[in-house]
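> Dumping the structure here so I can ask a few things about it.
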Amino acid sequence: AQKVTQAQTEISVVEKEDVTLDCVYETRDTTYYLFWYKQPPSGELVFLIRRNSFDEQNEISGRYSWNFQKSTSSFNFTITASQVVDSAVYFCALSEAYGNTGKLIFGQGTTLQVKP
Amino acid sequence: DAGVIQSPRHEVTEMGQEVTLRCKPISGHDYLFWYRQTMMRGLELLIYFNNNVPIDDSGMPEDRFSAKMPNASFSTLKIQPSEPRDSAVYFCASSLELGAEAFFGQGTRLTVV
């Protein structure tokens, strides 16, 4: 079954705090792709990162970092030194290569509020 | 490229009326997705196409919903007849190939009164 779970519905932090958004996925495929998207209050969905199942190397992009662990089926997202502009809904997504070829499904999203 | 273009941006209609949402994907993208977003149900995948062919429509809520992709540059999502519970933001997205990131349109906010 293809499934993405974001257990944290809402997180509230104070500016400059670090925050980690959790994502756990389920798939029977050995080849799959994971994504994170950001939806700011304006409503558009913005692509942040893509990972394939063969690349477990963690990635850092400025204040953003991602930790992919196949052993725990997790793809967590950390924002370091959070800023008010990071306030948004963040979605984790999964696409399978074979089982449900190309089907892109999303988790329920985590609403992050960064207070000044 | 201008990105994924959806129209209209906002639609208000009366219950029972037919509603047609339109999407122009990014040129050259093989996959097209239609999603519905509500507070209660989050981002639901309604249907997706590969090379203009519907692959999985299991997310389409009921027979009142239909989607077509007559060519690589255009897709429609039709609701007939519309009901108040169809009120939501409908997103169209496209991706270049299998496993590639999807790019989303601005969405259509549908209100059925």
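> Look at the stretch B:29-63 and say how many of its residues are among the hydroxyl-bearing types (Ser, Thr, Tyr), open to solvent by less than 20 Å² (accessible area, probe 1.4 Å) and more than 10 Å from every other protein chain (Cβ to nearest Cβ).
The initial filter retains those residues of the stretch B:29-63 that are among the hydroxyl-bearing types (Ser, Thr, Tyr), namely B:31, B:35, B:38, B:48, B:58.
Next, from what is left, pick out any that are open to solvent by less than 20 Å² (accessible area, probe 1.4 Å): B:31, B:35, B:48.
Next cut, more than 10 Å from every other protein chain (Cβ to nearest Cβ) only: none.
The total comes to 0.
> Further question: Being in contact with a Leu (Cβ under 6 Å, 6 or more places away or on another chain) and either among the polar types (S, T, N, Q) or free of Cβ contacts under 8 Å to residues at least 60 places away in the same chain (or both) narrows it down to one of B:85, B:36, B:64, so name that one.
Only one candidate passes the filter, namely B:36.
> Output yes when any residue across the stretch B:69-83 is within 11 Å of chain A (Cβ to nearest Cβ) and among the basic types (Lys, Arg), and no when none is. Explain how you work it out, then say what you get.
Just the residues of the stretch B:69-83 that are within 11 Å of chain A (Cβ to nearest Cβ), to begin with: none.
Checked the stretch B:69-83: no residue is within 11 Å of chain A (Cβ to nearest Cβ) and among the basic types (Lys, Arg).
> May I ask you to list the residues in the stretch B:1-28 that are β-branched (Val, Ile, Thr) and open to solvent by 60 Å² or more (accessible area, probe 1.4 Å)? It would help to see each step written out before you state the result.
Restricting attention to the stretch B:1-28, the residues satisfying the condition of being β-branched (Val, Ile, Thr) are B:4-5, B:12-13, B:19-20, B:26.
Once the filter is applied, which keeps residues that are β-branched (Val, Ile, Thr) and open to solvent by 60 Å² or more (accessible area, probe 1.4 Å), the stretch B:1-28 yields B:5, B:12.
> Suppose we filter B:103, B:91 for residues that are in contact (Cβ under 8 Å) with a residue 40 or more places away in the chain and open to solvent by 60 Å² or more (accessible area, probe 1.4 Å); which single one remains?
Checking each option against the conditions leaves just B:103.
> To continue, here is another question. Can you tell me which residue among A:65, A:42, A:71, A:12 is among the small types (Gly, Ala, Ser) and closer than 25 Å to residue B:35 by Cβ? Please lay out each step first, then the result.
Working: A:65 fails: closer than 25 Å to residue B:35 by Cβ; A:71 fails: closer than 25 Å to residue B:35 by Cβ; A:12 fails: closer than 25 Å to residue B:35 by Cβ.
Being among the small types (Gly, Ala, Ser) and closer than 25 Å to residue B:35 by Cβ holds for just one of A:65, A:42, A:71, A:12, which is A:42.
> Quick check on residue B:5: is it at negative phi and either without any contact (Cβ under 8 Å) to a residue 12 or more places away in the chain or within 14 Å of chain A (Cβ to nearest Cβ) (or both)? Break it down stepwise before answering.
Working: at negative phi: yes; either without any contact (Cβ under 8 Å) to a residue 12 or more places away in the chain or within 14 Å of chain A (Cβ to nearest Cβ) (or both): yes.
When the stated conditions are applied, residue B:5 passes them.
The values are calculated or read from the model by the stated rules, or taken from the named source; none is laboratory data. Since the structure is predicted, the reported quantities are computational estimates derived from the model, not experimental observations. Counting neighbours? That spans all protein chains shown, and the Cβs are built from the backbone with ideal geometry, glycine included. Surface accessibility is based on the protein's heavy atoms, side chains included, excluding ligands, DNA and RNA. Shrake-Rupley method; radii C 1.70, N 1.55, O 1.52, S 1.80 Å.
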